[in-house]
Amino acid sequence: MPGIFVTGTHSNVGKTTFVTSLVQALREKGIDAVAYKPVQCGATEEGTSPDADRYRDVYDPELGDVLCTYLFKPKVSPHLAASMEERLIEPERILRDYEFLEKMHDLVIVEGSGGLAVPLIDESYGIPELMNDLGLPGILVADAGVGTLNQTTMTAAYAKQKNIDLRGIVLNRYPDFPSIGIRHNPEMLERTTGLPVIGKVPETETPDPDLYRDIYSSFLEMLR
């Protein structure tokens, strides 16, 4: 089973909660899924990756698993954080860590940093180039509310320009009582992006696999 790359329309759109909950749901179904964060900016005071710490909330990594390759203290774009710490992000190292996880597990779910257009090294190498180097299809996590038509459509168009194989959209923070505009967004997004909306997830900060069981079948179908 191939891996998949989870990216977003912007930072703090809920990628980590989505990845963590989906991994837990998959593991409960007997699929040995693992989450991987190649680059994390904004280390905790203890010097750990906040996103990898969330992954550990729902499963114990295997011995030798690399949940985060590059961890930086500054909470800025990866290319700037690396420069501030006088370090260099090497895509080859990320590829090696991914290939190790791929051999050890059934499925690797890779979580990007920020939105799709985030640079990792400079303007010529960012999240799209990493996705292509990894050879992974993508899921786009977007906000369900106001502004999502513009943000999501533009991100999907940018992905197409960069030859990214996006498979579907997950609308996060979908309210229990959506307005008429929010109810209309999924249908319009499918028309403007040409991508299926594979799930609508309520707002939550706590990983909850129950919220993702409806996405499970669509997710596996995308990977075929």
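How far is helix 180-193 tilted, in degrees, relative to the longest principal axis of the Cα atoms in the chain, given as a value from 0 to 90 rounded to the nearest 10? Here the helix axis deviates by roughly 60 degrees. Close amide H partners of THR48, meaning residues 5 or more places away or on another chain with modelled amide H under 5 Å apart, do not exist here. Shown here for segment 18-48: GluC sites (Glu not before Pro) in loop regions (DSSP other than H, G, I, E, B) with at most 13 other Cβ atoms within 10 Å, namely GLU45, GLU46. Figure note: GLU111, GLU85, GLU102 ranked by solvent-accessible area, largest first, 1.4 Å probe, ligands and nucleic acids not counted: GLU102, GLU85, GLU111.
Karplus-based coupling profile of segment 69-83, in residue order and whole Hz: 8, 10, 10, 10, 6, x, 8, 9, 4, x, 5, 6, 4, 4, 5, with θ = phi - 60° in 6.51 cos²θ - 1.76 cosθ + 1.60 and x standing for Gly or Pro. In the structure shown, the pairs LYS73/LYS200; LYS73/LYS162; LYS37/LYS75; LYS37/LYS162; LYS73/LYS103 are assessed against 23 Å; a Cα-Cα span above that value is assigned to LYS73/LYS200; LYS73/LYS162; LYS73/LYS103.
With +1 on each Lys and Arg Cβ and -1 on each Asp and Glu Cβ, and nothing else charged, work out how big the dipole of the chain is about its Cα centre, in Debye to the nearest 20.
I would put it at about 640 debye.
Using a 1.4 angstrom probe on the protein heavy atoms only, could you order MET84, MET104 from most to least accessible area?
Largest accessible area first, the list is MET84, MET104.
Estimated at 0.36 nm per residue, the fully extended path between GLN161 and LEU80 surpasses their Cα-Cα distance by 26.7 nm. Backbone amide hydrogens, once placed in the peptide plane, bring GLU111 within less than 5 Å of VAL6, TYR36, LYS37, excluding anything fewer than 5 places away on its chain. Rounded to the nearest Hz, the phi-derived 3J(HN,Hα) couplings of segment 134-144 under the Karplus curve 6.51 cos²θ - 1.76 cosθ + 1.60 (θ = phi - 60°) are 6, x, 10, x, x, 10, 9, 8, 10, 7, 6, where x marks glycine and proline. The candidates HIS184, HIS10, HIS105, arranged from most to least accessible area with a 1.4 Å probe in the full protein assembly, appear as HIS184, HIS10, HIS105. Relative to the longest principal axis of the Cα atoms of the chain, the long axis of helix 91-104 makes an angle of roughly 70 degrees.
The values are calculated or read from the model by the stated rules, or taken from the named source; none is laboratory data. Since we're looking at a predicted model, the values are computed, not measured. With ideal geometry, Cβ positions are generated from the backbone for all residues, glycine too; neighbour counts draw on all protein chains shown. Just the protein is used for accessible areas: all its heavy atoms, side chains included, with ligands, DNA and RNA removed. Shrake-Rupley method; radii C 1.70, N 1.55, O 1.52, S 1.80 Å.
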